[in-house]
1. Between segment 172-227 and segment 44-98, what is the C-alpha centre distance in whole Å?
2. Expressed as cubic angstrom per residue, what is the convex hull volume of the alpha carbon set of segment 101-227?
3. Return, for the Cα atoms of segment 1-141, the radius of gyration and Dmax in Å, separated by a comma.
4. Could you work out [θ]222 nm for the chain from helices alone, using -39500 (n - 2.57) per DSSP H run of at least four and dividing by all its residues? Round to the nearest 500 deg cm²/dmol.
5. Distance in nm between label sites at residue 29 and residue 135, each 7 Å beyond Cα in the beta-carbon direction?
6. If you place +1 on the Cβ of every Lys and Arg and -1 on the Cβ of every Asp and Glu, how big does the dipole about the Cα centre of the chain come out, in debye to the nearest 20?
7. Gain in length, residue 64 to residue 183, computed as 0.36 nm per residue apart minus the alpha-carbon separation, to one decimal in nm?
8. So which GluC sites (Glu not before Pro) in segment 173-222 end up in coil per DSSP with only 15 or fewer other C-beta atoms within 10 Å?
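The values are calculated or read from the model by the stated rules, or taken from the named source; none is laboratory data. On a predicted model such as this, the values are computed, not experimentally measured, just so you know. As a convention, Cβ positions derive from the backbone with ideal geometry for all residues, glycine included, and neighbour counts pool all protein chains shown. Remember, those area values only see protein heavy atoms, side chains included, never the ligands or the DNA or RNA. Shrake-Rupley method; radii C 1.70, N 1.55, O 1.52, S 1.80 Å.
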Amino acid sequence: MKNAVSTAMLANFFSQGAVCSNGTRVFVHRSILQEFTSQLVERTKKLKIGNPMEDGVKVGATICKMQYDKILNYLDIARKEGAEVLCGGGPVTPDNPDLAGGLYIAPTVLGNCTDDMTVVKEEVFGPVLSILVFDTEEEVIRRANDTPFGLAAAVCTQNLSRAYRVISKLEAGSCNINTFNAYPAVIPFGGYKNSGIGRELGEECLNYYSQTKSVYVETGDPWCPFE
């Protein structure tokens, strides 16, 4: 459970949530919903907010005022559409008085989310995690794929057979098992559907900077059926 919560936090709060490959939709099986949510909220509330150059700080400021306002608007819409703010949910002032007036948003966990909510369907690009409940493997695969995007995905489970089976059916180009946003330089990175064309990193990336030329050299007499 601890590792699953860690993975969810990595998928949403790294770099204040300003990561293109974030996993903002966190599907949780109904049987572990209460325990997972409790641990997630407890750990999220402990995240220190402030100057990321200071020891212990885990969450910095939003990159600009326009994005700050956009994230807060998404949170307002989420409330109106029925999401429950389990922690965070708005601006926060760090302990350091020198940072007063900064563009800081508390890492947010939303419960009671549904697939048709705006905050679930669109890219927030901020520290906002949406919990969605599922009951069966087939159901969660269908719902996970019901999006025009497909950059990244992850599966957390102790059953590797299930992990490989589910990952193979997810329509996403960059996938992790039991972690998130782990992309070594040798692994191609890119998405499906509306999440981009081509790949970065890995040998596959080099192919996009190359043009193939085929040359066949005959060292003897050429074969020719014509007299």
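1. 40 Å
2. 242 Å³
3. In order Rg, Dmax, the Cα atoms of segment 1-141 give 14.7, 51 Å.
4. -9000 deg cm²/dmol
5. Those two pseudo-labels are separated by 1.5 nm.
6. Taking the Cα centre of the chain as origin, the dipole is about 700 debye.
7. Length difference between fully extended and current span is 40.2 nm.
8. Of the GluC sites (Glu not before Pro), the ones in loops of segment 173-222 whose Cβ has at most 15 other Cβ atoms within 10 Å are 218.
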